[in-house]
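The values are calculated or read from the model by the stated rules, or taken from the named source; none is laboratory data. This structure is a prediction, so every number in the text was calculated from the model and none was measured. Note that we place each Cβ from the backbone using ideal geometry, even for glycine, and neighbour counts take in every protein chain shown. Keep in mind that these areas ignore ligands, DNA and RNA; they rest on the heavy atoms of the full protein, side chains included. Shrake-Rupley method; radii C 1.70, N 1.55, O 1.52, S 1.80 Å.
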Amino acid sequence: MSKSQHGQDFHFPPITNGVDYLYSVIDLLLSHEAKHNPRNLKYVILHLHGAVEVILKHRLWQEGWQHVVEDPDETSYEDFQAGRFRSISLKVAIKVLKRDFGVKITKGEKTGIDLLSNRRNALQHWGDTNSTAALEALSVKVLDFLIRFLEEEFETLHADLDEIREGTSKIKRFVEQRLSRIRPELMKTDFAIPQCPNCTQLALPLDPNELRCRYCSREWSQSQDLFDEFVDIVLEASPRDISRGADDPTETCPHCAEEMLVRNVSLFGEKHPEAACFGCGDYIRNLEQCSQCFGLYIPDEHEVICQDCFDYLINND
């Protein structure tokens, strides 16, 4: 007897459910480009987050259903099948997939997922305000991750992925058109241009007098506020984590002496990661660490210590 004869015609197993969410996201984004209805973007955030959660947890479920349950010792398999359990958070699922099963999720991909989770939580529980440009750019970043993840972790979905990939390519073109419009302005600035912690684009000149992302138009009134958000979201080093012993990525800038410099940051117009200061806005190449005081300095030719330490050694010889 068929499922419909049993009255079970509502059938969405996890991976089908996740892919269906993705179809909805593509349709909503393309519809928004045509009709500019903000309501579409609300459901883009909700459905895209739903896709991430169900797909990643389904991959974890393949290692054993107990990994998806917050308290497996108090949950039977019958309870699990009936939905009578509390699921682990998405953040925990990512951690377990990477740590215990070697599943690839890059730092940049996790940043996109974290930003999406923030938007979903705000929208679901309080309300949210953001720009269309930021939400579209974030959606493309997460869609790219999910396509890559599904290709590598689920080998039977290629037909579905072709359609999702085609839709994502169309949305990417909208994002690229916006980037093309702001590129001339970005090329004129003398300030470092790191990734915006709101939209993830390399479009935020560190001009202390105008801290505004040229892509999504998000503004910050203080350099310290922007720096704290960048360290927390992009570098994934929250003050709480640092207080508990995590590495502190901040350094003292050799130009302005503010403790708002970070090294190995991707910057607009630079082929390789460089150091950038969120205090003065400078990007600094060829930084070295002094072998005496361990502070950062910009060496002249073959110097191995900073000027202050050199002067001290000379004067106290």
Problem set entry | Among L28, L56, F80 - extreme Cα towards positive end, dipole of the range 1-128, charges at beta-carbon | L28
Exercise. In the range 144-245, carbon and sulfur make up what percent of the accessible area (probe 1.4 Å)?
Worked result: 43 percent
For this session: Might you report the magnitude of the Cβ-based charge dipole of the range 224-269 about its Cα centre, with Lys and Arg at +1 and Asp and Glu at -1, to the nearest 20 debye?
Result: 120 debye
For this session: Rounded to the nearest 500, what is the 222 nm mean residue ellipticity of the chain from helices alone, with -39500 (n - 2.57) per DSSP H run of 4+ residues and division by all residues?
Result: -17000 deg cm²/dmol
Problem set entry | Proportion of all alpha-carbon pairs of the range 85-196 beyond 16 Å (%) | 70 percent
Problem set entry | Neighbour cut-off at most 14 other Cβ (10 Å), DSSP loop, GluC sites (Glu not before Pro), the range 68-126 | E70
Exercise. What helices in the chain pass both tests, a Cα length along the helix axis of 30 Å or more and a mean Kyte hydropathy of -0.5 or higher, using whole DSSP H runs?
Worked result: 14-35, 38-61, 132-153
For this session: Take each of the peptides 31-39, 251-259, average the number of other beta-carbon atoms within 10 Å over its residues, and list them starting from the highest.
Result: 251-259, 31-39
Exercise. H302 to E270: extension gain in nm, 0.36 nm per residue of separation minus the Cα-Cα distance?
Worked result: 9.1 nm
For this session: Please work out whether the range 197-265 counts as rounded, prolate or oblate from its C-alpha gyration tensor, where a ≥ b ≥ c are the square roots of the eigenvalues and a/c under 1.5 means rounded, while otherwise a/b larger than b/c means prolate and anything else oblate?
Result: oblate
Seminar exercise, completed: dims of the chain, Cα set, principal axes, largest to smallest, nearest Å -> 94, 50, 37
Exercise. Sorted by mean Cβ packing within 10 Å, highest first, what order do the peptides 91-97, 265-271 take?
Worked result: 91-97, 265-271
Seminar exercise, completed: Quick note, the range 242-304: a/c under 1.5 would make it rounded; otherwise a/b > b/c is prolate and the rest oblate (a ≥ b ≥ c, C-alpha gyration tensor); here it is oblate
Exercise. Can you pick out the pairs among K188/K271; K42/K271; K98/K170; K98/K141; K98/K188 whose Cα atoms lie more than 29 Å from each other?
Worked result: K42/K271; K98/K170; K98/K188
Seminar exercise, completed: accessible surface per residue for the range 95-226, probe 1.4 Å, DNA/RNA/ligands not counted, whole Å² -> 50 Å²
